[in-house]
Amino acid sequence: MKLSVVQQKFVLHWGEMGTRWGINRTVAQIHALLFISSKPLNAEDIAETLEVARSNVSTSLKELQGWRIVRLVHVLGDKRDHFESMKDVWELFRIVLDERKRREVDPTLAMLEECIAEAGKEKEADKYTLERLRELQSFFQTTTRWYTQIRKLPTAALMKLMNLGDKAAKALGLD
């Protein structure tokens, strides 16, 4: 598969952004390639197009499947496994947010709860540290509740909510 200049630019940028988000560059580039591909691709095509090792492609595809944003598909007449990215950008980002919450926020909340409980048992508890931990816990609990509510909205409603912008600020008296 020969990439156009625009496709190359997108794949390279998505790879660079991936590193800033804490994701391996090749994983992000493979996701970008699958996202813009009009048809499912097999691992050999991916490796050849991106000029990366086949083993790197296999590992990256497993990671993308673990994130639930790439799936294995079969193509009639071809015995090889093919892969495609989720195409609905709204659902794609919902799933990424779900995974980040599960992998990052949930363990942090659990650790904060443990630290607060332990500090409550200590006679000489550092009150300032405890106050900071409780404030952080409150922040995570509030944003998690907000995320859970927003996550339930259908895409059309979410788009309307996001487009409120200045109207919402005005309604809240923040203009």
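Note down all Cβ pairs under 6 Å where the first residue falls in region 69-90 and is over 16 Å from Ser58 (Cα atoms), the second is surrounded by 15 or more Cβ atoms within 10 Å (Cβ to Cβ), and they're at least six residues apart or on different chains.
Short answer, once both residue conditions are applied: Val75/His82; Met86/Ile69; Met86/Leu92.
Is at least one residue of region 42-56 without any contact (Cβ under 8 Å) to a residue 12 or more places away in the chain, within 30 Å of Ala157 (Cβ to Cβ), in contact with a helix residue (DSSP H, G or I) (Cβ under 9 Å, 6 or more places away or on another chain) and open to solvent by 20 Å² or more (accessible area, probe 1.4 Å)?
Start the filter on region 42-56 by keeping residues that are without any contact (Cβ under 8 Å) to a residue 12 or more places away in the chain, which leaves 47, 51, 53-55.
Subsequent filtering for residues that are within 30 Å of Ala157 (Cβ to Cβ) retains none.
No, the conditions are met nowhere in region 42-56.
Among (1) in contact (Cβ under 8 Å) with a residue 24 or more places away in the chain; (2) of a type outside the set (S, T, N, Q); (3) under 20 Å from Phe93 (Cα atoms), which single condition is Arg145 missing?
Arg145 satisfies every listed condition except (1).
Given (1) of a type in the set (D, E, K, R); (2) open to solvent by 60 Å² or more (accessible area, probe 1.4 Å); (3) under 19 Å from Val75 (Cα atoms), where does Arg20 come up short, assuming only one miss?
Failed condition: (3).
Can you run down the residue pairs with Cβ atoms below 8 Å, 6 or more apart or on separate chains, where the first is in region 102-123 and more than 30 Å from Arg68 (Cα to Cα) and without any contact (Cβ under 8 Å) to a residue 12 or more places away in the chain and the partner is surrounded by fewer than 10 Cβ atoms within 10 Å (Cβ to Cβ) and not polar (S, T, N, Q)?
From region 102-123, no pairs qualify.
Working only within region 134-175, note down all residues that are open to solvent by less than 100 Å² (accessible area, probe 1.4 Å), modelled with pLDDT of 95 or more and among the hydrophobic types (A, V, I, L, M, F, W, C).
Leu136, Phe140
The values are calculated or read from the model by the stated rules, or taken from the named source; none is laboratory data. These numbers come from a predicted model, not from an experiment. Neighbour counts run over all protein chains shown; Cβ positions are idealised from the backbone, glycine included. Ligands, DNA and RNA are stripped out before the accessible areas are found, and what is left, the full protein with its side chains, is counted by its heavy atoms. Shrake-Rupley method; radii C 1.70, N 1.55, O 1.52, S 1.80 Å.
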